[in-house]
Amino acid sequence: MSAQHKSNNPTLRSLSKRQWMRIAAAAAGVGLVVTGGLATRSIYADAKPEAAPQPTAYSVSDSHAASRGNAREALDGDATYVNVSINGKTRSVLGTNFTDVKSVLDAGDITLESGDTVKPDLRTPVDESTTIEITRAGATMETEESKIPFNTVKKETADLPKGTEKVQTEGEEGILEKTNLVTRSGDTVISSNTFTSYVKKAPVEKVILVGTRVDQPAPTQQSQPSTAQKKGNGSASASIGTTVPVGDMQQWAHDYLLANGGSEADFTATVYIISRESGWSVTATNASSGAYGLAQALPGSKMASHGADWATNYQTQLKWFWDYCKGRYGSIQGAYAFWQANHWY
């Protein structure tokens with residue numbers, strides 16, 4: 001039990017918002033299990049308290065940040081928790097109205113496999129002091145890395161003559177790290193279930209400056225250029241730029257935005273945020289907060305408002321992301337500006 005709990009063992013609905021925020025800051029990490037190719041979002045991680053005194057905001061690419069709970073308003077209402085441990089890795093399942101072990105597993109979308117043992121049994125009542133232990137025989141944890149492609153962004157600038165281009169920044173691929181629960185039979189992999197996935201290194205965009213300046217004839221003594229004319233129009237240099245889509249998900253996002261009143265700048269903002277939040281991994285699950293999906297929604301089930309297939313459908317996740325950005329920051333570019341300033345949104 002957390003030190004914040006009273007000795008009289010409070011009920012699941014009795015946590016105050018302040019208590020829950022403290023619990024969230026020390027909550028165990030969360031991961032994702034994919035069984036038979038379908039996300040079940042079973043979540044594992046070692047229980048390690050966060051260094052931050054209270055949750056403020058979280059970015060998947062910032063391992064020192066706290067839970068994004070209050071930024072995503074995940075702590076509002078009657079959210080409570082029950083600990084679930086699988087093969088020694090523990091997570092806290094967030095939810096309301098828990099009644100028994102089965103209700104917790106359902107809330108956490110934790111799917112049992114044949115041969116798993118569960119203690120206590122599925123019909124046992126639970127409270128915050130309960131730890132549900134699941135043992136999956138023959139499974140080991142293995143870590144792998146994959147590359148995150150970088151995008152090319154073109155930005156207009158009056159500092160260069162029209163028709164010229166200059167590479168401002170070379171692109172660099174990012175790194176997506178996954179830790180899998182692997183079951184083998186000899187050298188044959190029977191199943192490999194991802195339980196955590198995060199952006200270990202964010203990609204760096206290749207930035208190409210595109211000139212827009214139209215040079216004027218040399219001024220006469222009677223017509224000297226103003227200081228502003230000498231410096232050129234700096235507003236173009238501050239442009240968010242136009243991003244070239246990479247892959248099917250980005251191409252769909254680009255086309256959908258432009259077909260529904262969005263702009264190239266909106267797409268650029270989308271790519272910037274999603275590349276850093278999840279590396280464009282639909283099933284990305286953060287190991288310390290439980291944030292899930294392309295946009296790292298917390299909890300991931302929030303995206304159900306945009307479709308029952310929120311756990312695996314990138315289109316559903318992106319639609320939720322865009323609406324979230326508009327609702328909280330006024331626009332996608334508003335979220336982009338906030339992310340640049342704070343490294344989370």
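The values are calculated or read from the model by the stated rules, or taken from the named source; none is laboratory data. Keep in mind it's a predicted model, so treat the numbers as computed, not measured. Positions of Cβ are generated from backbone atoms using ideal geometry, with glycine treated the same way; all protein chains shown enter the neighbour counts.
Hey, does the stretch 189-199 have a residue that's crowded, with 21+ Cβ neighbours inside 10 Å, over 29 Å from VAL84 (Cα atoms) and under 16 Å from the mean Cα position of the chain (by Cα)? No, because not a single residue in the stretch 189-199 is crowded, with 21+ Cβ neighbours inside 10 Å, over 29 Å from VAL84 (Cα atoms) and under 16 Å from the mean Cα position of the chain (by Cα).
Scan the strands (runs of 3 or more DSSP E) fully inside the stretch 131-170 and keep the ones with 3 or more residues being surrounded by 13 or more Cβ atoms within 10 Å (Cβ to Cβ) and not acidic (Asp, Glu). Give the derivation first.
Values: elements: 131-135, 139-148, 152-161, 165-169.
Where strands (runs of 3 or more DSSP E) fall fully within the stretch 131-170 and carry at least 3 residues being surrounded by 13 or more Cβ atoms within 10 Å (Cβ to Cβ) and not acidic (Asp, Glu), they are 131-135, 139-148, 152-161.
Yes or no: ASP127 assigned to a loop (DSSP other than H, G, I, E, B) and touching a strand residue (DSSP E or B) at 6+ places or on another chain (Cβ under 9 Å)? It is true that ASP127 is assigned to a loop (DSSP other than H, G, I, E, B) and touching a strand residue (DSSP E or B) at 6+ places or on another chain (Cβ under 9 Å). Per the conditions (1) of a type in the set (Val, Ile, Thr); (2) outside the structural domain of THR183 (by the TED database); (3) under 12 Å from LEU181 (Cβ atoms), the sole criterion not satisfied by THR143 is (2). Does any residue of the stretch 110-126 turn out to be within 28 Å of TRP280 (Cβ to Cβ) and not small (Gly, Ala, Ser)? For the stretch 110-126, residues within 28 Å of TRP280 (Cβ to Cβ) and not small (Gly, Ala, Ser): present. Selection of the stretch 87-112 for residues being touching a Ser or Thr at 6+ places or on another chain (Cβ under 7 Å), modelled with pLDDT of 75 or more and not polar (S, T, N, Q) yields PHE98, ASP100, VAL101, ILE110.
The set of residues in the stretch 82-110 being more than 17 Å from GLU133 (Cβ to Cβ) and part of a strand (DSSP E or B) consists of LEU94, GLY95.
Selection of the stretch 126-171 for residues being out of contact with any His (no Cβ under 8 Å at 6 or more places or on another chain) and either acidic (Asp, Glu) or at positive phi (or both) yields ASP127, GLU133, GLY138, GLU142, GLU144, GLU145, GLU156, ASP159, GLY163, GLU165, GLU170. For the stretch 283-292, state whether one or more residues are under 21 Å from GLY241 (Cβ atoms), buried (at least 19 other Cβ atoms within 10 Å of the Cβ) and among the aromatic types (Phe, Trp, Tyr). The answer is no, given that none of the residues of the stretch 283-292 is under 21 Å from GLY241 (Cβ atoms), buried (at least 19 other Cβ atoms within 10 Å of the Cβ) and among the aromatic types (Phe, Trp, Tyr).
Of the residues making up the stretch 300-338, those that are surrounded by fewer than 22 Cβ atoms within 10 Å (Cβ to Cβ) and either assigned by the TED database to the domain that holds LEU105 or not in a helix (DSSP H, G or I) (or both) are GLY307, ALA308, ASP309, THR312, ASN313, GLY330, SER331.
Listed here are the residues, each with its yes/no results for (1) part of a loop (DSSP other than H, G, I, E, B); (2) modelled with pLDDT of 95 or more.
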residue	(1), (2)
ILE175	no, yes
LEU181	no, no
SER192	no, no
GLN221	yes, no
ALA228	no, no
TRP252	no, yes
LEU257	no, yes
THR270	no, yes
